[in-house]
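Below: one structure, written as structure tokens.
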Amino acid sequence: MQMNFHRKLPIPQEVKKEYPLTQRMTDIKAARDESIRAVFDGRSDKFILVIGPCSADHQEPVLAYISRLRRLEEQVSDKIIIIPRIYTNKPRTTGQGYKGMLHQPDPEAKPDMYKGIVSIRELHLAALRDYDFSCADEMLYPENYRYLSDLLSYVAVGARSVENQEHRLVASGLEAPVGMKNPTGGDLSVMMNSIVAAQSSHTFLYRGWEVTSDGNPYAHAILRGYLDYAGKSVSNYHYEDLLRVKELYDKSSLVNPSVIVDTNHNNSGKKYMEQVRIAKDVVHSRNQNADIKSLVKGLMIESYLEDGACKPEEHIFGKSITDPCLGWEKTERLVLDLADKL
């Protein structure tokens with residue numbers, strides 16, 4: 001076995017110094033962080049939408065999408081907090097295929113990690129600078145989190161990573177709310193254990209340092225469906241599923257019990273159009289039961305400028321090159337409908 005070391009990459013502190021936030025951007029992010037935390041700890045009854053492309057591919061269409069989200073949020077801001085998805089890492093089940101902008105800032109070019117680090121920081125900076133949005137990203141690689149730690153207002157730990165000790169420990173040291181997804185096999189005890197770990201204090205090794213964490217009181221559950229023993233998608237967003245998670249929280253010592261429902265992945269069977277029905281179903285469940293309403297803080301929706309997905313070489317502006325997404329017209333209608341029903 002051999003690894004070839006090509007070049008030493010800059011540490012996060014160096015990249016942050018070269019691509020800094022202005023004071024205005026810092027203030028905007030602080031205000032958004034506070035409003036988002038207020039939802040998770042129950043001080044606010046606003047509803048969170050973590051919404052955007054399955055994975056960020058090119059800066060131009062992502063920012064064009066975010067510009068539309070900005071105008072949309074202005075119409076629903078009395079009820080909804082929009083957190084754009086700028087997912088710059090793409091988990092791959094077999095390790096093959098497009099791994100996200102961090103690896104390939106040009107999806108058709110060879111991987112270039114230095115350009116990737118710069119590209120993802122520039123993209124998150126542009127969203128905050130130009131559209132007043134601090135965004136969400138997936139913590140696929142815990143060591144890389146600090147390249148964006150001053151920019152992110154929400155972090156997700158994916159279904160394949162949630163059992164990993166390093167992800168859990170690093171999540172315990174983050175200030176941003178961290179959503180822990182149920183694993184691909186659907187075992188909710190795994191998800192709940194990951195939340196316990198993330199809400200607890202730890203001493204561990206991180207980026208060559210011995211560090212301690214205080215625990216993250218905003219670590220919470222994300223329900224994304226799962227695969228059964230036969231490889232069939234099974235959903236877990238229904239009324240009874242939400243009450244089951246409420247029971248698990250009640251039996252725990254966890255603070256700020258919260259759930260975000262992922263409307264795609266195995267909840268939709270990767271049938272992206274189902275996200276509209278699923279989102280409305282979850283809001284209906286909240287409206288029928290006070291316990292569910294207090295527990296379910298929002299939704300995660302995969303959406304882009306164009307419906308569906310395409311191959312990278314097809315060059316369709318604003319169309320996902322990974323999982324299929326809702327197009328803009330359907331997205332806008334859905335968000336406005338949800339605001340009416342909340």
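The values are calculated or read from the model by the stated rules, or taken from the named source; none is laboratory data. Computed from a prediction, not measured in an experiment: that's the story for all the values here. With ideal geometry, Cβ positions are generated from the backbone for all residues, glycine too; neighbour counts draw on all protein chains shown. We work out accessible area using only protein heavy atoms, side chains counted, and drop any ligands, DNA or RNA first. Shrake-Rupley method; radii C 1.70, N 1.55, O 1.52, S 1.80 Å.
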TODO: Just subtract the alpha-carbon distance of ARG70 and GLU329 from 0.36 nm times their residue separation and send over the number in nm, one decimal.
DONE: 91.8 nm
TODO: Can you sort SER294, SER258 by 1.4 Å-probe accessible area, starting with the largest?
DONE: SER294, SER258
Open item on the list: Need the list of aspartates and glutamates near LYS251 for cross-linking: C-alpha distance under 16 angstrom, and skip anything on the same chain fewer than eight residues off.
Closed with: ASP241, ASP291
Open item on the list: Straight-line reach from LYS90: which aspartates and glutamates fall under 13 Å, measuring Cα to Cα and dropping same-chain residues less than 8 apart?
Closed with: ASP57, ASP137, GLU138, ASP323
Open item on the list: Can you tell me, using C-alpha contacts under 8 Å and at least 6 residues apart, the relative contact order of the chain as a whole percent?
Closed with: 16 percent
- [ ] Would you mind pulling out the separation of the Cα centroids of segment 38-55 and segment 194-232, in Å?
- [x] 19 Å
Open item on the list: Which entries of LYS246/LYS280; LYS29/LYS271; LYS280/LYS319; LYS8/LYS99; LYS110/LYS232 have Cα-Cα distances beyond 31 Å here?
Closed with: LYS29/LYS271; LYS110/LYS232
TODO: For segment 172-177, take each phi angle, set θ = phi - 60°, evaluate the Karplus expression 6.51 cos²θ - 1.76 cosθ + 1.60, and give the result in whole Hz per residue in order, putting x for glycine and proline.
DONE: 5, x, 8, 7, 6, x
Task: Structure-derived log10 I(q)/I(0) by the Debye sum over Cα atoms at q = 0.09, 0.14 Å⁻¹: which label, when the choices are (1) -0.54, -1.17; (2) -0.60, -1.11; (3) -0.44, -1.16 - done: (3)
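Under the 0.36 nm per residue contour assumption, what length would be gained going from the current alpha-carbon distance of GLU108 and THR203 to full extension?
In short, 30.1 nm is gained.
Send over a whole-number figure in Å² for the accessible area per residue of the chain, probe 1.4 Å. Before the final figure, lay out each step's value.
Numbers: 15500 Å² over 342 residues.
That works out to 45 Å² for each residue.
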Task: Label-point gap, in nm, between TYR239 and THR94 - each point 7 angstrom along Cα→Cβ - done: 4.2 nm
TODO: Pull up all non-local amide H partners of SER303: gap of 5 or more, or a different chain, and H-to-H distance under 5 Å with H placed in the peptide plane.
DONE: GLY52, CYS54, LEU326
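Could you tell me which trypsin sites (Lys or Arg not before Pro) in segment 271-342 are loop residues by DSSP with no more than 14 other beta carbons within 10 angstrom of their beta carbon?
Working: sites: LYS271, ARG277, LYS280, ARG286, LYS293, LYS297, LYS319, LYS330, ARG333, LYS341; in loops: LYS271, LYS319.
The qualifying sites are LYS271.
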Open item on the list: As a test of reading the structure, rank ASP307, ASP323, ASP262 by solvent-accessible area (1.4 Å probe, protein chains only), most first.
Closed with: ASP307, ASP323, ASP262
Open item on the list: To make sure I understand the rule: partners must be aspartates and glutamates, Cα under 16 Å from the Cα of LYS17, and not fewer than 8 residues away in the same chain. Which ones qualify?
Closed with: GLU122, ASP150
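Sum up the charges of everything whose Cβ sits under 13 Å from the Cβ of LYS270, counting Lys and Arg as +1 and Asp and Glu as -1, but leave LYS270 out. Mind showing how you got there, number by number?
Values: positive: ARG224, LYS232, LYS271; negative: ASP262, GLU274, GLU302, ASP323.
Once positives and negatives cancel, what remains is -1.
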Task: Bridge type composition, the chain - antiparallel percent by DSSP, nearest 5 - done: 20 percent
Task: Estimated FRET transfer efficiency (MET273, SER35; beta-carbon r; R0 22 Å; 0.05) - done: 0.10
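Given the DSSP H assignment, sum -39500 (n - 2.57) over each helix run of at least 4 residues in the chain and divide by its residue total; what's the result at 222 nm in deg cm²/dmol, nearest 500?
Numbers: 11 runs with 133 residues, N = 342.
Taking each H run of at least 4 residues, the total per residue is -12000 deg cm²/dmol.
What FRET efficiency comes out for LYS251 versus GLU166 if R0 is 25 angstrom and r is the Cβ-Cβ distance? Round to the nearest 0.05. Let's see the in-between values first.
Values: r = 27 Å, r/R0 = 1.07.
Calculated value: 0.40.
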TODO: Averaging sequence separations of C-alpha pairs under 8 Å and six or more residues apart, then dividing by the length of segment 169-297, give the relative contact order as a whole percent.
DONE: 23 percent
